[in-house]
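In what follows, a single structure is set out as structure tokens and then discussed.
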């Protein structure tokens, strides 16, 4: 993060704004909304600021800025049209350890003013670190439309009952579970529909009826995280990622996706690489059972889809046997995601009428596959975890009838900004893997549909600053 997002209490605290134009007026309005005591230094004031001064809502000092003005305030905003004055204010404030914002000049700022969605006491601040205030405002507009104003009233209602709930439940986890049930249930519904008195009655009844030492039942959420791009997560996956107490995650779950998990959730890494398992699968299965029986909501977060070479079926077998509640959230499997981002349709009427997903190695480490069934014309074959077995798969597919000229795509870290796509043939695949030093996770796509990549390529991560560029019609 370039800036630490914090909320500062400036109620009844002296704040200084230097500048008297319309931009300064907008900053003053925000400070006053936060109940600060605002002084404005400027020879002249815009109409809105003049009216505030006449109503004694702000203090106006009608002159140019002087060095001594910086001594008293707890926060300073420079909003003049004189760059040298703004630079001076920034330097003086920083030297005294006073937070300073220079409008439209992030390098001179020690803090920045975000776009705000105000549902007091609920507040949401959106910032781009000064890179694009317009983008921040666009995001705020989207949030304004999907976050009802009633959330503020709901927060105010909850605040009035916090001490009662704290007295009822001595354990933090128990309190959190109670509040989540309340905030996702009828109490919230009544507030949203305007029946706040009834909501308060329901909340009081829930507190009175609650067991002081409840036995909360745990649950396991088996969630597919997709191939890497956070935008490909489902809404349901995101909701459960924010609800979980513990996250048990794999190596293929990207950092960008892990960042979307609830901040205070416990993170347990159980990733596997070839010949290097952090935890054996049997132990993972037992871990999920144990955590759930402790009353925790357990997020089992897996790359791709949990039921396509993700061992999800093995994990929930034991959960079902042990009577542990669970739910499964599908994810976009690597074959679909990586192929799409590589510009390769897995099926096409002119090239492929079938698609087969194959694991590059079986449970016992072999790659003894049904080669005659895989070496069929007009078919796409996608190999998961196939890099190590590339020599064998090339040899067997050619031996069972596929031409050595059959095109092959290798997609490494698909759907992420680090995506790399290499084109080869069955004859050149092994040499290509060695030449480009490809590493897992890399998907291998075999079939004539690979020929379409050059024409349909739309995702280009090889741009300045390593940022992926998505083109096309949206």
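Throughout, read-outs are computed from the coordinates displayed, never taken from laboratory work. Everything quoted here is computed from the prediction, not taken from an experiment. Neighbour counts are summed over all protein chains in view; Cβ atoms, including those assigned to glycine, are modelled from backbone coordinates with ideal geometry.
Here the contact order of segment 14-113, divided by its residue count and restricted to Cα pairs under 8 Å and six or more residues apart, works out to 27 percent.
Of 457, 208, 69, the sequence from fewest to most neighbouring Cβ atoms within 10 angstrom is 208, 457, 69.
Stretching the chain fully between residue 350 and residue 431 yields a gain of 26.2 nm (0.36 nm per residue, less the alpha carbon separation).
With each label modelled as a point 7 angstrom along the Cα→C-beta vector, the residue 2-residue 141 pair spans 2.2 nm.
Taking the C-alpha atoms only, the angle from helix 172-183 to the longest principal axis of the chain is near 90 degrees. Between the helical axis of 390-399 and the longest alpha-carbon principal axis of the chain there is an angle of about 40 degrees.
Please work out how much length the chain gains when fully extended from residue 83 to residue 193, using 0.36 nm per residue of separation minus the C-alpha to C-alpha distance, in nm with one decimal. That works out to 34.5 nm of additional length. Using a simple spin-label model with pseudo-atoms 7 Å out from Cα toward Cβ, residue 149 and residue 111 lie 2.8 nm apart. Read through the labelled values [x] 229; [y] 208; [z] 136 and report the label of the one computed as volume of the Cα convex hull per residue in Å³ from the structure. Of the listed options [x] 229; [y] 208; [z] 136, [y] comes from this structure. Spacing of the modelled spin labels on residue 279 and residue 327, each 7 Å from Cα toward Cβ, amounts to 2.3 nm. Cα centroid separation, segment 314-384 to segment 97-121: 49 Å.
With the helix formula -39500 (n - 2.57) applied to DSSP H stretches of n ≥ 4, the chain reaches a computed 222 nm mean residue ellipticity of -10000 deg cm²/dmol. By the beta-carbon count within 10 Å of each Cβ, the least crowded to most crowded order of 344, 41, 116, fewest first, is 116, 41, 344. Here the relative contact order of segment 139-218, from alpha carbon pairs under 8 Å that lie six or more residues apart, stands at 34 percent. Each of 308, 444, 332 was scored by other Cβ atoms within 10 Å of its Cβ. Listed from fewest to most, they are 308, 332, 444.
Using 1/(1 + (r/R0)^6) with R0 = 30 angstrom and r between the beta carbons of residue 175 and residue 56, what's the FRET efficiency to the nearest 0.05? Working from the Cβ atoms, E equals 0.10. Between 0 and 90 degrees, the angle of helix 312-321 with respect to the longest Cα principal axis of the chain falls at about 80 degrees. Working from Cα pairs under 8 Å separated by at least six residues, relative contact order for the chain is 9 percent.
Here the gap between residue 460 and residue 164, fully extended at 0.36 nm per residue and compared with their Cα-Cα distance, gives a gain of 101.1 nm.
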